[in-house]
Amino acid sequence: MDQRQINRLEMYQAVQTFMDTNTNIWNSVPILVTFKNELDELLIQINENKDTQEASRVYLSSNKTIQKRFVSEKGDILNDALEAYAAVEGNAVLEQKAAKSFTDLYSLRNQDFVTVVTETISLLDQNITPLGDYGVTQDQITDLKNSFDSFLVLNGEPRQYRIAQKQATATLSDLFDQTSALLNNKIDKVMKQFKRTHTTFYNGYLAARVIVGN
């Protein structure tokens, strides 16, 4: 990546981070859930296609820590629901497996983190129907899978969950163009509905959209 692409990638990641931090505000809008999954997928592909420039490595190393935090936060929330379901059903084995907090997850070595999160996602998938009564949605699990895939790619491992299949032959330049188009033509337009209802959130989104250094 050249410096201009690195600057754009930092903006893309800022938007992704901001949306992950404020999921409770926008995730009730189905089209935004779809667009957010597209954004996550494109960023995964950009990271898979990155070159080995030093600036890129420094940036992506920092991003890996951020992604690990988000996976841990989302895993903690879903584990709480899974643990409650297991307790009600009297399933002590499942309850024990689900009893992992944010700190438990985030403090794991990366290799152990991958193993534990993979198991967590498998348990969520196996119990998605009854977990619906505990407030867990498929979108939440998909969101966790996307964040986990982002972490895996940044950790130098193949991703496990390909949420959206894109053209594998897309060039880095094409991916940047697609991501900019997604933001400019879709996400930006839908976000305007929050301009008056959630002014602070909307202004925060606009701040995340600023490209620094261009």
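The values are calculated or read from the model by the stated rules, or taken from the named source; none is laboratory data. Everything quoted here is computed from the prediction, not taken from an experiment. No Cβ is skipped: glycine too gets one built from the backbone with ideal geometry, and neighbour counts run over all protein chains shown. For accessibility, only protein heavy atoms count, side chains too; no ligands or nucleic acids. Shrake-Rupley method; radii C 1.70, N 1.55, O 1.52, S 1.80 Å.
General remarks:
- Taking the numbered list (1) aromatic (Phe, Trp, Tyr); (2) at pLDDT below 95; (3) over 17 Å from Asp40 (Cα atoms) in turn, Phe148 passes all entries but (3).
- Residues being touching a residue at least 60 places away in the same chain (Cβ under 8 Å) and among the hydrophobic types (A, V, I, L, M, F, W, C) are represented in segment 156-168 by at least one member.
- Among the residues of segment 119-136, those that are of a type in the set (Ser, Thr, Tyr) and surrounded by 14 or more Cβ atoms within 10 Å (Cβ to Cβ) comprise Thr120, Tyr134.
- Candidates in segment 160-185 are the residues that are aliphatic (A, V, I, L, M) and not in a helix (DSSP H, G or I); of these, the one that is modelled with the highest pLDDT is Ala170.
- Of Asp188, Asp143, all but one fail to be modelled with pLDDT of 85 or more, under 16 Å from the mean Cα position of the chain (by Cα), of a type outside the set (A, V, I, L, M, F, W, C) and assigned to a helix (DSSP H, G or I); the exception is Asp143.
- Leu94 meets all of the listed conditions (1) open to solvent by 40 Å² or more (accessible area, probe 1.4 Å); (2) over 25 Å from Thr34 (Cα atoms); (3) not polar (S, T, N, Q) but one, namely (1).
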